[in-house]
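Undergrad: One structure coming up, written as structure tokens, with questions to follow.
What follows draws every value from the coordinates through simple rules; no lab data is involved. Note that this is a predicted model, so its numbers are computed, not measured. Every residue, glycine as well, gets a Cβ built from its backbone with ideal geometry; the counts of neighbours run over all protein chains shown.
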Amino acid sequence: MKLQSKVAIIVAGAWLAICLIIFADSRWVLRANYEQLENRMAEMQVRDVRRAYEHSLLALQMYSTAWAVWDEAYAFMQKKDPKFINSNFVSGTFTSSHINFFMFFDNAGKLYYGKFYDLARSKMSDVPNSTLSYIEQNKDFAIHNDPSSKKIGILNTKDGLIVMSSLPVLTGD
């Protein structure tokens, strides 16, 4: 074998070894960096979902609080006035706030008045029985022994997950 052939084989072997080392190293580095990037992206997405969830809860609580300390709502709880129902439980009330339910419970946790609005179909109906029976089985969510009590969270009902807020209805004073 000639010297030129031996040199060519040695150079080709060295080149191949260098390529394999670079390939293995870059694969290890890229995989580690990609996994770090993937983890950071997943953490950011979880943070975004958490912020959206917290924003949704805050918006619902603010909206519920406005109704809970409204003198007209308090008067409605004293005497079920059809005028209050007809003027306040209209489709615009539900669509502007992006909510599906309005439910008023008495001090014993029994439904006093409630309406369900299907935002997708723009249709008003009674609160589904499965949702009512869930709340009846979990009355602590609707009963408030303390005037400053606020309950908000996700209820897992047969109808699916429902983000719900519950506050005592009081006068604005």
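Undergrad: Can you classify the chain as rounded, prolate or oblate using the Cα gyration tensor, where a ≥ b ≥ c are the square roots of its eigenvalues, rounded means a/c under 1.5, and otherwise it's prolate if a/b beats b/c and oblate if not?
TA: Judged from the Cα gyration tensor, the chain comes out prolate (a/c at least 1.5, a/b above b/c).
Undergrad: What length, rounded to one decimal in nm, is gained on full extension from A52 through to N107, with 0.36 nm per residue of separation minus their alpha-carbon distance?
TA: In short, 16.6 nm is gained.
Undergrad: Okay, moving on. Along the charge dipole of the chain, Cβ charges K/R +1 and D/E -1, which of F23, A42, Q4 sits furthest on the positive end?
TA: Q4
Undergrad: With a 10 Å Cβ neighbour count serving as the proxy for reagent exposure, in which order, fewest first, do T157, T95 appear?
TA: Sorted ascending by nearby Cβ count, the order is T95, T157.
Undergrad: Related question: Please give the charge dipole size of the stretch 60-166, origin at the Cα centre, charges +1 on K and R Cβ atoms and -1 on D and E Cβ atoms. Round to the nearest 20 debye.
TA: So the dipole magnitude of the stretch 60-166 works out to roughly 160 debye.
Undergrad: What number of lysine-lysine pairs in the chain show an alpha-carbon separation below 20 angstrom, given a sequence spacing of 8 or more or placement on distinct chains?
TA: Counting lysine pairs in the chain gives 16.
Undergrad: Quote to one decimal, in nm, the extra length available between S149 and E43 on full extension: 0.36 nm per residue of separation minus the C-alpha distance between them.
TA: Working: separation 106, 0.36 × 106 = 38.16 nm, distance 3.31 nm.
That pair, S149 and E43, stretches by 34.9 nm at full extension.
Undergrad: Compare the Cα positions of N33, L161, G13 along the charge dipole of the chain (+1 at Cβ of Lys, Arg; -1 at Cβ of Asp, Glu; about the Cα centre) and return the one farthest towards the positive end.
TA: It is G13.
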